[in-house]
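The values are calculated or read from the model by the stated rules, or taken from the named source; none is laboratory data. Given the structure is predicted, the values throughout are model-derived calculations rather than measurements. Cβ: placed from backbone, ideal geometry, glycine included. Neighbour counts: every protein chain shown. Surface areas here come from the heavy atoms of the whole protein model, side chains and all, with no ligands, DNA or RNA. Shrake-Rupley method; radii C 1.70, N 1.55, O 1.52, S 1.80 Å.
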Amino acid sequence: MRTSQRRATPRDYLMCPPTHFRVTYSINPWMDPDKPVDLRLALAQWEDLRDRYRSLGHTVQELTPHPELPDMVFAANGATVIDGRVLGARFAHSERTAEAAVHRAWFREHGYPEVREPDHINEGEGDFAVTASWLLAGRGFRSSPLSNPEAQEYFGRPVIGLDLVDPRYYHLDTALSVLDDTTDSDVMYYPPAFSPGSRAVLARLFPDAIIAEEPDAAAFGLNAVCDGRHVLLPQAALGLFEPLRERGYEPIGLDLSELLKGGGSVKCCTLELRSA
Ligand code: ARG
């Protein structure tokens with residue numbers, strides 16, 4: 001198989017520190033308000049992820065957290081940015097509604113000329129995954145199918161709708177991860193998270209994909225970020241390490257156990273800012 005030639009390219013990420021992270025409501029099956037969260041540990045784990053990106057040569061900008069928005073740490077949900085164009089989010093749950101405007105304001109303040117407030121519900125990169133020329137779009141739990149044509153029109157790239165069927169994998173980025181985004185062929189995913197038809201679509205588009213097993217998916221192993229070479233993912237998703245190495249990737253395991261209590265991990269905390 002393809003080996004050792006993987007090249008990382010420098011990325012720009014937007015992250016939001018979990019200063020006000022807590023689990024006081026439950027909008028996904030991972031969130032249990034009765035389970036205590038260690039905020040100091042959450043912060044340390046998050047800082048470790050941020051510092052890891054920086055030591056790999058990536059830039060990380062930080063969004064200012066709001067005390068009344070405990071899920072803001074999951075910055076991936078706030079927007080989708082391709083070619084410097086920003087499609088804002090519209091959240092499915094009222095608890096997170098206000099995050100969308102915070103993100104849009106950040107992009108306007110940081111000189112992004114095109115910032116769209118969407119008509120339809122989409123939870124940003126939680127449900128949109130970018131390959132070289134396509135946009136893969138998860139739907140069923142959060143993002144509306146109506147967001148798919150909206151994103152296609154805005155970004156001018158084909159949107160491939162994928163129906164999510166297991167509430168534990170409520171966002172696309174919990175069930176599928178794009179690896180080398182200079183191609184339209186390199187992903188890893190967990191088939192049972194998708195409807196039979198969507199599974200067939202994935203098999204057709206990605207015949208060489210890494211297929212995740214249940215324990216790795218449940219450890220949020222697909223909630224990964226790849227820079228072309230390094231794949232940052234939860235360290236508990238051990239079964240994915242060898243298949244990644246076989247394909248020339250360098251897996252880097254992280255412990256984000258506290259953020260998992262909110263139903264998120266590496267990718268959820270990371271919004272990629274793709275410039276033109
Ligand atoms: N508690 C958040 C929610 O349920 C977690 C979001 C995780 N983010 C992600 N990109 N999957 O909305």
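Against the numbered list (1) under 18 Å from residue 128 (Cα atoms); (2) within 15 Å of the chain's Cα centre (by Cα); (3) within 14 Å of the ligand (Cβ to nearest atom), residue 193 comes up short only at (2). Would you say residue 204 is free of Cβ contacts under 8 Å to residues at least 12 places away in the same chain and of a type outside the set (Asp, Glu)? Considered against the rule, which asks whether it is free of Cβ contacts under 8 Å to residues at least 12 places away in the same chain and of a type outside the set (Asp, Glu), residue 204 comes out as yes. So is residue 162 within 16 Å of the ligand (Cβ to nearest atom), modelled with pLDDT of 95 or more and crowded, with 20+ Cβ neighbours inside 10 Å or not? In short, yes. Just one of the numbered conditions (1) open to solvent by 30 Å² or more (accessible area, probe 1.4 Å); (2) within 11 Å of the ligand (Cβ to nearest atom); (3) not basic (Lys, Arg) is not true of residue 94: (2).
Could you please let me know if residue 22 is within 19 Å of the chain's Cα centre (by Cα) and either more than 13 Å from the ligand (Cβ to nearest atom) or farther than 30 Å from residue 210 by Cα (or both)? Against the criterion (within 19 Å of the chain's Cα centre (by Cα) and either more than 13 Å from the ligand (Cβ to nearest atom) or farther than 30 Å from residue 210 by Cα (or both)), residue 22 does not qualify. Could you tell me which residue of the stretch 39-64 is nearest to the ligand (Cβ to nearest atom), considering only residues that are over 18 Å from residue 272 (Cα atoms) and either open to solvent by 70 Å² or more (accessible area, probe 1.4 Å) or out of contact with any Lys or Arg (no Cβ under 9 Å at 6 or more places or on another chain) (or both)? For the stretch 39-64, the residue satisfying everything is 45. Selection over the stretch 70-89 of residues that are closer than 18 Å to residue 11 by Cα and either more than 15 Å from the chain's Cα centre (by Cα) or surrounded by fewer than 18 Cβ atoms within 10 Å (Cβ to Cβ) (or both) gives a count of 4. Of all the listed residues (239, 264), the sole one being of a type outside the set (A, V, I, L, M), in a helix (DSSP H, G or I) and out of contact with any His (no Cβ under 6 Å at 6 or more places or on another chain) is 239.
Figure legend. Inter-residue proximity from the stretch 117-140: first residues at positive phi, second residues small (Gly, Ala, Ser) and within 14 Å of the ligand (Cβ to nearest atom), beta-carbon distance below 8 Å, spacing 6+ or different chains. Indicated pairs: 124/76; 124/78; 124/79; 124/89. Check whether at least one residue in the stretch 207-214 is closer than 30 Å to residue 39 by Cβ, acidic (Asp, Glu), part of a loop (DSSP other than H, G, I, E, B) and free of Cβ contacts under 8 Å to residues at least 60 places away in the same chain, and report yes or no. Within the stretch 207-214, none of the residues are closer than 30 Å to residue 39 by Cβ, acidic (Asp, Glu), part of a loop (DSSP other than H, G, I, E, B) and free of Cβ contacts under 8 Å to residues at least 60 places away in the same chain. Checking every residue in the stretch 94-114 against the condition of being touching a helix residue (DSSP H, G or I) at 6+ places or on another chain (Cβ under 7 Å), assigned to a loop (DSSP other than H, G, I, E, B), over 20 Å from residue 225 (Cα atoms) and at pLDDT 95 or above gives zero matches.
When the test is whether a residue is away from the ligand (no atom under 16 Å from the Cβ) and either without any contact (Cβ under 8 Å) to a residue 40 or more places away in the chain or in contact with a strand residue (DSSP E or B) (Cβ under 7 Å, 6 or more places away or on another chain) (or both), residue 109 passes it.
Here is the figure for the stretch 117-147: residues that are surrounded by fewer than 18 Cβ atoms within 10 Å (Cβ to Cβ) and closer than 15 Å to residue 82 by Cβ total 3. The number of residues in the stretch 71-91 that are near the ligand (Cβ under 10 Å from one of its atoms) and either part of a strand (DSSP E or B) or of a type in the set (Asp, Glu) (or both) comes to 1. Kindly indicate which of 36, 29, 67, 17 is surrounded by 14 or more Cβ atoms within 10 Å (Cβ to Cβ) and more than 23 Å from residue 155 (Cα to Cα). After applying the criteria, what remains is 17. For the stretch 205-246, the set of residues classified as within 16 Å of the ligand (Cβ to nearest atom) and under 22 Å from residue 50 (Cα atoms) consists of 219, 220, 221, 222, 223, 224, 225, 226, 232, 233, 234, 237, listed by residue number. State whether one or more residues within the stretch 210-218 are open to solvent by 10 Å² or more (accessible area, probe 1.4 Å), among the small types (Gly, Ala, Ser) and more than 28 Å from residue 10 (Cα to Cα). Scanning the stretch 210-218 turns up at least one residue that is open to solvent by 10 Å² or more (accessible area, probe 1.4 Å), among the small types (Gly, Ala, Ser) and more than 28 Å from residue 10 (Cα to Cα).
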